[in-house]
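Please treat every number below as a calculation from the coordinates, not as lab data. Here the structure is a predicted model, which is why all the values come from computation and not from measurement. Glycine gets a Cβ as well: all are built from the backbone with ideal geometry, and neighbour counts include every protein chain shown.
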Amino acid sequence: PNSLSYTVSKAGVIAVAEWVSIIIGGQFPDIGVAVLCPQAVNTPMIQQNKIADQHLAIMDGIIKPSFVAECCIKALLDGNFLVLPHSQVQQYIEKKAHSRDKWIQSMKSLLQKQNRTKPRAADSTAEIFKSKL
């Protein structure tokens, strides 16, 4: 939630994948579309990230790439659209869909808690908005 560009691009990619699934799946029922939505995966990107221990994505644990691969295979075989290696993500999606206002408030609280316990460099987009206030 700290990065505007990440948040917007992720939402856009999911929306495009939904559209492709509907349009292509309607014309070619044997073609499936899936979107992989993991949180933290033990890759060089996480290992090299100097603030990885402060990132919200690790809140539910860092998982192995081999586990992500297994989840992808299972989801594809089951015909699932969303591939969610961290089981908690399904709950987050459901909470957001049920009450977006409550979800927004809980995200604000989570960020405030994170900022109190572990200060970190702000996202450049966030800095731009802060400077305008």
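Remark: spin-label model distance A69-I31 equals 2.7 nm, labels positioned 7 Å along the Cα→Cβ axis.
Could you give the length gained on full extension between L4 and I104, defined as 0.36 nm per residue of separation minus the Cα-Cα distance, in nm? Numbers along the way, then the final one.
Values: separation 100, 0.36 × 100 = 36.00 nm, distance 1.46 nm.
Value of the extension gain: 34.5 nm.
Calculated FRET efficiency, Q112 to M45, Cβ-Cβ distance, R0 = 22 Å: about 0.25 to the nearest 0.05. Net length available on complete extension from Q91 to I23 is 21.7 nm, with 0.36 nm assigned per residue and the Cα-Cα distance removed.
Residues whose amide H lies under 5 Å from that of V35, counting only those 5 or more places away or on a different chain, are L82, V83; hydrogens are built 1.01 Å from N in the peptide plane.
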